[in-house]
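In what follows, a single structure is set out as structure tokens and then discussed.
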Amino acid sequence: MPSARTTLTEVATALGCLHLPSLDWAVIQRPALVGVSAGEWDQLDGELMSARGRAIAEAAFANGQHFLEHPDALRGRLPSTVEWTGGRKLPGDQAIPADLRIDHVYLVSCKYLSRILLNTAPTRLFDGLLQPGIRHERRDWYELVAPAEHQAFAEAAARSFGLRCSTTDGGLDAATRAALKRSFGRHARLEGDVAEAYADMCAAVSTRSALRWAARLHSKGGRAREDLIWRMLRLASGTYYVLGVSPTGESLRIRVMTPWDWRQRHELRAFDIEPDDAGQPQVRWAATVLDRESGTDVVVQGHVEVRWSHGRFGGPPEAKVYLDTPPAEVPGYVPLT
């Protein structure tokens, strides 16, 4: 189920595409939107009661209006059908991350107040290079790349909480993980030996993840780096659009190139990877890209946070890929100005 904010921003964006007098008018009249239930209309109405909800919804509605009029989008033509995916994952190995589909042709991804490009298993990113159609085991990445440091942190934490630390052939047993998760839920602050062991684990995971990622790219050779940056930036075989608001409050209105378009305009010169000291396992990445039209190089920067999915010793660690460069400056993202 999508969150209340997700419902608010995505449906408000869709409403902006319908050439309606105002957001308030639209919420009262409830025009036809495929995939929006009566309960979700009620949820939208409730979210608009808060000042924060009102502000982000008005920005989303304005994005839809801009998309309706822009010459690279709907060109002022009123759409006959607007569909909302409602958080449902679209089928296919390389599905475009679309939240809206307009007239069965225009695909729109809504991105509000987030710099996250994607969230995936570390094995899929660092070992699989995001290749589609390959299933990867969701192992505990910390135990996989830094088993000694992970065990030392678990033992230090267990001692501090007065717990017994038990292991199996695959690492910590389920009972120990559950007990540590509960204890950290009540006492999140790290001190003394526990903080030191955690810092050692973070450094080891960051360094070994970066080395493993770089080695995998080197072993694949050829177009592996280019394919990877396309996947990280979410380029797809068909053109789609991203409408939203950046974390700093600027409007986000871009057309995403296909890989074919990207290669006509750009050339990847380098893809650099290095571990980062950020208080949690993290890897920094930077892509140096030639703009063929201007003859200049553009550096796209980001980072990957490798963190437990549901708190310390919760679910298996996830790899959250962030974009640190403003989207309007990223090769392959064409602003709808």
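Can you figure out the FRET efficiency of TRP25 with ARG77, using R₀ = 30 Å and their beta-carbon distance, to the nearest 0.05?
0.90
Taking K and R as +1 and D and E as -1, what net charge do the other residues with C-beta under 14 Å from the C-beta of SER246 add up to?
0
Report the extension gain between SER309 and SER166 in nm, rounded to one decimal, defined as 0.36 nm multiplied by the number of residues separating them, less their alpha carbon distance.
Once the chain is fully extended between SER309 and SER166, it gains 49.3 nm.
What's the local net charge at SER114, with K and R +1, D and E -1, over the other residues with C-beta under 14 Å away?
0
Please give, to one decimal in nm, the separation of the simple spin-label points placed at ARG189 and HIS218, each 7 Å out from Cα toward the Cβ.
4.4 nm
With a point put 7 Å past each Cα toward its Cβ, work out how far GLU58 is from ALA328 in nm, to one decimal.
With each label placed 7 Å out from Cα toward Cβ, I get 2.1 nm.
Report, in deg cm²/dmol and to the nearest 500, the calculated mean residue ellipticity at 222 nm for the chain, where each DSSP H run with n ≥ 4 adds -39500 (n - 2.57) and the sum is divided by the residue count.
-12000 deg cm²/dmol
By how many nm would the segment from ARG5 to ASP272 lengthen if fully extended, with 0.36 nm per residue of separation less the alpha-carbon distance? Before the final figure, lay out each step's value.
Details: separation 267, 0.36 × 267 = 96.12 nm, distance 3.51 nm.
Working it through step by step, the gained length comes to 92.6 nm.
When the chain is modelled as a GNM with alpha-carbon springs shorter than 10 Å, which of ALA199, ALA236, ALA174 fluctuates the most?
Per the Cα network of the chain with a 10 Å cutoff, ALA174 tops the list.
In the Gaussian network model of the chain, springs joining C-alpha atoms below 10 Å, which of TRP285, TRP25, TRP141 carries the largest mean-square fluctuation?
So, out of TRP285, TRP25, TRP141, the one fluctuating most is TRP25.
Between GLY238, GLY16, GLY279, find the one with the highest GNM mean-square fluctuation for the chain; connect C-alpha pairs within less than 10 Å.
Result: GLY279 has the largest fluctuation of those listed.
Amide H of ASP99 versus every other amide H placed in the peptide plane: which residues, excluding those fewer than 5 positions away on the same chain, fall under 5 Å?
Hits under the 5 Å cutoff: VAL108, SER109, CYS110.
Given the Cα atoms of the range 4-94, and with Rh set as the inverse mean 1/r over their pairs in the Kirkwood sense, what is Rg to Rh to two decimals?
Expressed as Rg/Rh, it is 0.97.
Taking the Cβ of LEU78 as the center, what net charge do the other residues with Cβ under 14 Å away carry, scoring Lys and Arg +1 and Asp and Glu -1?
0
Each value in this text was obtained by applying a stated rule to the coordinates, not by laboratory testing. Since the model is a prediction, treat every value here as computed from it, not as a measurement. We place every Cβ from the backbone using ideal geometry, glycine too, and count neighbours over all the protein chains shown.
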